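Following: one structure in structure tokens, then a few remarks.
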Amino acid sequence: LNNLGDRYAELGEPLRAIEFYEQVLAIAREIGDRRLEIYSLNSIGNALSNLKDHSQAENYYSQVLVLDPDNAMIHRNRADSLIRLGRLDEAETDCQASDRLAPNHPYTHARWGQLHFARGQYSLSVDCYQRAASLKPDDPTEFNFSSALPLLCLGRIDDAMQSIRARLAAHPHPSDIDEMIPEFEKLNQRYPDLSGLPEALELLRSATQPQE
């Protein structure tokens, strides 16, 4: 059942995925399989996050951390939800936990980058994303879309556009682009006159169009 849930998640059908994860969660609790319970709770949290239901996602990640408080990945997942909910001090606590448990993990530094961006600490955000990239030699452009946001806020337009183009040249999954476009749109709503932002959005949107 978990495999079916994972498959639906991969197909971009999080609601169907949750149906199977919830069935597995019930079984895991009935038979006392904590590992399976943790996997199912996290998977439901991830699916809810994909549905932009960050409040419920945070709730499921919190349930995992009751069972497994030293799980760095779950601290990072919950930090993402908390940042999107504007609960930045709580998110910082999870980032600190991930720092303690997995200080050299690229996603630890990426989550700090996300938090610093949310706080308007754009230089720190760029530094964290660059550190994350240095720890991901197999895919060094993975965080380029995210780092382009603070770069634009710093007025480093050429660096931001280069960052976006480098990521597009690595042929990311279309869903990665689709997930980032709303983040650039939110920035555009906050700073409608921000130089370089319309061009960045156009570049991302054009990448999602079918090629003739």
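The values are calculated or read from the model by the stated rules, or taken from the named source; none is laboratory data. None of these values were measured; they are calculated from a predicted model. Glycine also receives a Cβ, built like all others from the backbone with ideal geometry; neighbour counts cover every protein chain displayed. What goes into the accessible areas is simple: the full protein's heavy atoms, side chains included, and nothing from ligands, DNA or RNA. Shrake-Rupley method; radii C 1.70, N 1.55, O 1.52, S 1.80 Å.
Brief remarks follow.
- Using a Gaussian network model of the chain in which every pair of alpha carbons under 10 angstrom is joined by a spring, one finds that among PRO192, PRO14, PRO150 the greatest mean-square fluctuation is at PRO192.
- Dividing the mean sequence gap of close Cα pairs (under 8 Å, 6+ apart) by how many residues the chain holds gives a relative contact order of 10 percent.
- Inter-label distance, nm, simple model (7 Å from Cα along the C-beta direction), SER175/ASP33: 2.3 nm
- Build a GNM of the chain with springs between Cα atoms under 10 Å apart, and of ALA26, ALA200, ALA133 the one that fluctuates most is ALA26.
- Extents of region 77-144, taken as max minus min of Cα coordinates on every principal axis and listed largest first, are 32, 25, 16 Å.
- Leading residue at positive end of dipole, region 64-212 (Cβ point charges), from ALA170, THR93, ALA160: THR93
- Å³ per residue enclosed by the Cα convex hull of region 38-79: 51 Å³
- Binned Cα-Cα distance frequencies in region 47-114 - 5 Å width, integer %: 4, 21, 31, 26, 16, 3
- Viscosity 1.567 mPa s, 4 °C: Kirkwood-radius Stokes-Einstein D of region 118-212 over Cα pairs, µm²/s: 96 µm²/s
- Solvent-accessible area per residue for the chain (1.4 angstrom probe, square angstrom): 53 Å²
- Among the protein heavy atoms of the chain, carbon and sulfur supply 49% of the accessible surface, probe 1.4 Å, non-protein parts ignored.
- Per-q log10 I(q)/I(0), the chain, q = 0.10 Å⁻¹ (Debye; single scatterer per alpha-carbon; no solvent): -0.47
- ASP89-ASP70 pseudo-label distance in nm [points 7 Å out on the Cα-to-Cβ vector]: 2.9 nm
- According to the Kirkwood relation over distinct C-alpha pairs, the hydrodynamic radius of region 130-175 is 10.7 Å.
- Rounded tilt (10° steps) of 144-153 against the dominant C-alpha axis of the chain: 50 degrees
- Using alpha-carbon coordinates, inclination of helix 122-134 to the longest axis of the chain, degrees: 70 degrees
- At R0 = 25 Å, FRET efficiency that the Cβ-Cβ distance of ASP159 and ASN104 yields, to 0.05: 0.50
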